[in-house]
1. Rank A:ARG266, B:ARG143 by accessible area, highest first, at a 1.4 Å probe radius?
2. With θ set to phi - 60°, apply the Karplus curve 6.51 cos²θ - 1.76 cosθ + 1.60 along the range B:21-37 and write out the HN-Hα couplings as whole Hz, x wherever there is a Gly or Pro.
3. Taking only Cα atoms and a 10 Å spring cutoff, compute GNM fluctuations for chain B and point out the largest among B:PHE292, B:PHE201, B:PHE188.
4. How much of the accessible area of the protein assembly as shown, probe 1.4 Å, is carbon plus sulfur, in whole percent?
5. What are the residues of the range B:126-151 that lose 20 Å² or more of accessible area, with a 1.4 Å probe, going from their chain alone to all protein chains?
6. Dipole of the range B:5-54, Cα-centred, from +1 at each Lys and Arg C-beta and -1 at each Asp and Glu C-beta, to the nearest 20 debye?
7. May I ask which residue of A:THR155, A:VAL203, A:LEU58 lies farthest towards the positive end of the charge dipole of the range A:45-227, with charges of +1 (Lys, Arg) and -1 (Asp, Glu) on Cβ and the Cα centre as origin?
8. Of all trypsin sites (Lys or Arg not before Pro) in the range A:78-137, which ones are in loop regions per DSSP and have a Cβ with at most 10 other Cβ atoms within 10 Å?
Amino acid sequence: MRRFSWFNATSLTFGFAFLYLPMIILVIYSFNASKLVTVWAGFSTKWYGELFQNEAFLDAVWVTLKVAIISSTLATVLGTMAALVLLRSGRFFGRTLFSGMIYAPLVMPEVITGLSLLLLFIGIGLDRGVLTIVLAHTTFAMCYVSVVVSSRLTTFDQSLEEAALDLGCSPFQAFYLVTLPIIAPAVISGWLLAFTLSLDDLVIASFTAGPSATTLPMKIWSSVRLGVSPEINALSTLMIGVVTLGVICASLISKRSAMKRDQDERTAERAEAA
Amino acid sequence: MTQSVFAPWNDPGAKPLIQFKNVTKRFGEFVAIDDLTIDIFEQEFYALLGPSGCGKTTLMRMLAGFETPTEGTILLDGQNIAPVPPNKRAVNMMFQSYALFPHLSIWDNIAFGLKREGLAKDVIGDRVQEMLRLTRLEKFARRKPHQISGGQRQRVALARSLAKAPKLLLLDEPLGALDKKLRQETQFELMDIQEKTGTTFVIVTHDQEEAMTVASRVAVMDHGKIIQVATPADIYEQPNSVYVADFIGDVNIIEGKAEPQGGKVSIAWAEGQPNVTGTPSSEITKGQTVHFAIRPEKVTISATKPEDATNAIQGKILDIAYLGNVSTYHVELPNGVVIKSQTANNRRLSRRSFTWEDDVWLSWTDTAGILLER
């Protein structure tokens, strides 16, 4: 075993403290009985109860989920299509320009994306609400999806699709019977990424939301400006819990599938030796 | 009893299954296939042999429908197949990478093509079972491709491409990923399956031994052109050019000026060396440059000058390549030219008659080699 080193122990402690102390404080204060955020007055779960009574918050949660699900689904479809076209259609005039244009929004400042979308919506006279947030989120999430999917497609063996055609598939059948099932993990992680980005987004949503639709990050932001309420702490704790659970599940699933693949490969080797 | 030999290419009345008529394929400036005309007959095992980049894979992909000819026509059963997409052709392909669908079981992989035809469930089941039996894969039907070995994957790929009973099966370097021993076994298995199913096979390979083993005819290609099409024995014994002679097996090439002498040709090839005599297969004019090609195993090596040999040259042993069953002697002639001679080691190594630096005589008859004009 490695010897204990004071230097390692100290840097580890500081590193983790830096990362997690703020969150731990937030979680602890969410169970504070006092209405004053900075004064500890005993353990209580009443803020969680109040949170679920707060119509405005629940509305915001609903809007956020609706926007996230619709926009990430749209972004996945469009992003996957873009990735396929760019990687499959061979060399056509302006291909480099097209692929550059797909990735450009990734590095575009959000404020600019938001502003330009706002101007567009005003220009075409679209009433701002859930629809406009969905469109905005689809626009920027699509790039992320297409990056994820095209990185999977570059390692995709093109002869699989040719084999499908050779065996009598129409090009469309070849896509949904062979290509899609194989790249499904990338498409799903693209969707999850788009979903998280949409849940997270404050800047673009603020530009494109109207009075009728407020997303959760916007709601939290605006209430914090009036003073941090213990309800916000409770809400944030719940979000941390959900995210942690999701990350743990995802890593368990990928670990189990890796173990299964290892086992399968050993079976195959034994079969070969026999 | 005389056995009828399978040789439809010699029968003027036979109708070819596939005809390439002046086919040219260009990729931009690059000419992959150059004005190529060949016939492939039914039930043939036709091998396309050549170095990488010679156009053999392009030729095969045109048959499968993944490439279309720039010029010329390809006929399958008399029908022009250029406008037919790959999924509508009675042609199946076995891919070099096998291209097994990783998300489907072995059973579903083999059934894939049959399902697209919309056949009844029990018909598909029977056919898949038959294919599994043919390729000895019954035990693995429920496994996924990554759960079986390389050799088994190769058989799945074969079973899948044969399942639809295609008129023509294309094999793209089918044994490239297997080790030598398994490859030899599989070659015989392939021939067996080809005979059982009666399907026409076109195989692409860069391995001349493989082509010689499995094929009924071998087409040697170079730079998008067919150099020679013949049976394996003819390709080896009657190459039509130095390129073919050199590509297939080992060969000694002696270049010189021809001098016809009553049915034979005497070749003056080096100052101070006796002329080499060979039997021409075509008209040779005096003074023409010819290449005399002779296989190392047809050159006899001996300690003293043989009495009756037409051709005999003296030299010194430069190198000996001992391969177990045969030894190849590299013999250097006084003018620096190295001639290879191969002898079967029918005696134990300790009793070998020659060693390095020995002075030896090389000899061969006037019909052992072949005269080539190019």
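The values are calculated or read from the model by the stated rules, or taken from the named source; none is laboratory data. Since the structure is predicted, the reported quantities are computational estimates derived from the model, not experimental observations. Because the Cβ atoms are built from the backbone with ideal geometry, glycine has one as well, and the counts that use them run over all protein chains shown. Calculation scope for accessible area: heavy atoms of the full protein, side chains included, ligands and nucleic acids excluded. Shrake-Rupley method; radii C 1.70, N 1.55, O 1.52, S 1.80 Å.
1. Numbers: A:ARG266 130, B:ARG143 65 Å².
Listed by decreasing accessible area, they come as A:ARG266, B:ARG143.
2. 10, 6, 7, 10, 10, 10, 10, x, 7, 6, 9, 7, 10, 10, 6, 9, 10
3. Sorting by GNM fluctuation, first place goes to B:PHE188.
4. 60
5. In the range B:126-151, residues shielded by partner chains: B:ARG143, B:HIS146, B:GLN147, B:SER149.
6. On the way: 4 positive and 7 negative charges, 26 e Å.
That gives the range B:5-54 a dipole magnitude of about 120 debye.
7. Going by the charge dipole, the pick is A:VAL203.
8. On the way: sites: A:ARG88, A:ARG91, A:ARG95, A:ARG128; in loops: A:ARG91, A:ARG128.
The qualifying sites are A:ARG91.
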